Amino acid sequence: MDLLLVTVIAIVALALVFDFTNGFHDAANSVATVVATRALPARWAPAFSAFFNFAAYFIVGTAVANTIAKTVKSEYGGVALIFAALFAAIAWNYATWRFGMPSSSSHAIIGGLVGAGLAAGGLDAISWASVDKAAIGIVISPAVAFAIAFAAMYLVLGIQRATKWHDNHPVFKGAQLVSAAAVSFGHGANDAQKTMGVIAALLLGAGYTELAPDGETVVVPEWAALSAYTAIAIGTLWGGWKIIETMGLRLTTLHANSGTAANIGATTAIFGATAVGVPISTTHAAASSIIGAGVGSGKGANWRVVGEMVIAWVITIPSAAVVAFIMFKLTQLPTVAAWIAVGAVLVLFAIWAGWAMLNTIHAKDVEAEIPPETRLEEHVPGHPHMSGHPPVE
């Protein structure tokens, strides 16, 4: 077994670690609403989401993977570049998760690829068409998700007026589960492909895969697809409860009716982007949908938390790019110095990440924060009773 093959195997393993972090970092996208409204017990929610994450493997193609794979031109690709990009994305995922801040794993890996690409070959190394496609998704997906969730909330309120169903009616909880399953499926379909795209770019740069006969599509091996879907499902199963706490309990006050509207907005944005091969942020779509449903329901939003989250969104790509740029430069030091510098960074980061995973909150902690359902919470639009919680300021 030659050194290149060993190195490629190690970087593929690192890519799957990124996919694992994507799973637990973005688990909140699909389960935050069902946990917050008690539509599903908190301890069951990650397994529910992980199942539908993996189910996308059997149905969805590789359009998003191909967009990611072509972010850096193949002649500049290689194991050092992919390593630097993956490390930056993993580091960003862990840092934002630790602070309970919903941010984009998608933008982290794109930023990592751009930063490492710039370090390797300057502006000419970047396929700006692929970056532009991702940038379009950055702008459009939150707006679309917010608008659809806001409109869906008014549709739900109209149904409530006609049926006299209260906010936490079992029909809405059932609709939440169906729509949450769709969000989980969309998360797996869009986000697992990003890791597939990174692996495909690595294999193409190392000469272990090739372009399809059309000269544009990167061939993604079946084992890469299966591994990516498995890793993201395992990560989702682990949980990532800090971000579930933020999205489910701190952005707005959710009930089953608004949770349903939020999931409708997120599902529409995610499925639409996946269909056209745009690697959008499922986190942006899900969080924007929750805010849209909260505003539409009259509960408002916690704008301080929203502001912090938007700042994290804005700095994700440049932050990941800077980390990747530096890490790539470390790999280019003279051999012994490179091994020492990169090894020291990896060891220190692994120690911190391990400590963070051992000292975090879990399902029981989040479940304890959820307000109990009361009669006053079972509000019927147009009914003289008021909803149990005041709007979030």
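Quick notes on this one:
- Taking 20 Å as the cut-off, the amide N atoms of region 290-315 that come nearer than this to a point 7 Å along the Cα-to-beta-carbon line of A135 belong to 311-315.
- In region 1-53, chymotrypsin sites (Phe, Trp or Tyr not before Pro) in a DSSP loop with at most 13 other beta-carbon atoms within 10 Å: W44
- Counting Cα-Cα pairs of region 167-289 in 10 Å increments starting at 0 gives whole-percent bin shares of 12, 35, 31, 15, 7, 1.
- Whole-number percent relative contact order across region 3-377, with pairs defined as alpha carbons under 8 Å at least 6 apart: 34
- Full-stretch length increase - I311, T217 - with 0.36 nm per residue and alpha-carbon distance subtracted: 30.4 nm
- Pairwise centroid distance, computed over Cα atoms, of region 277-321 with region 97-122, Å: 17
- With R₀ set to 56 Å, the beta-carbon distance separating Y154 from V336 gives a calculated FRET efficiency near 0.30.
- Rounded if a/c under 1.5, otherwise prolate or oblate - region 75-136, Cα gyration tensor axes: oblate
- Gyration tensor (alpha-carbon) shape descriptor, region 278-376, a/c threshold 1.5: oblate
- Based on DSSP H segments of at least four residues, each scored -39500 (n - 2.57), the chain has a per-residue ellipticity at 222 nm of -24000 deg cm²/dmol.
- Percentage relative contact order, region 194-250, counting C-alpha pairs under 8 Å, at least six apart: 27
- Rounded to the nearest 10 degrees, the inclination of helix 105-121 to the longest alpha-carbon principal axis of the chain is 20 degrees.
- Shape of region 123-211 from the C-alpha gyration tensor: oblate (a/c of 1.5 or more and a/b not above b/c, with a ≥ b ≥ c the square roots of its eigenvalues).
- Sorting 137-148, 299-310 by their mean Cβ neighbour count within 10 Å, with the most densely packed peptide first, gives 137-148, 299-310.
- Environment charge of A356, counting only residues whose C-beta is closer than 11 Å and scoring Lys/Arg +1, Asp/Glu -1: +2
- Using the average count of surrounding beta-carbon atoms within 10 Å as a protection proxy, the listed peptides 261-271, 227-237 rank, highest first, as 261-271, 227-237.
- Degrees, to the nearest 10: 303-331 long Cα axis against longest axis of the chain: 10
- Cα-only Debye scattering, region 201-349: base-10 log of I(q)/I(0) at q = 0.13, 0.15 Å⁻¹: -0.91, -1.08
- With respect to the chain, whose longest principal axis is taken over its alpha-carbon atoms, helix 222-238 is tilted by about 50°.
- Per-residue Cβ neighbour counts within 10 Å put K164, K242 in the sequence K164, K242, beginning with the fewest.
Here, each number is a calculation from the coordinates, and none is a lab measurement. Remember, predicted model here, so these are calculated numbers, not experimental data. Using ideal geometry, Cβ is built from the backbone for each residue, glycine included, and neighbour counts are taken over all protein chains shown.
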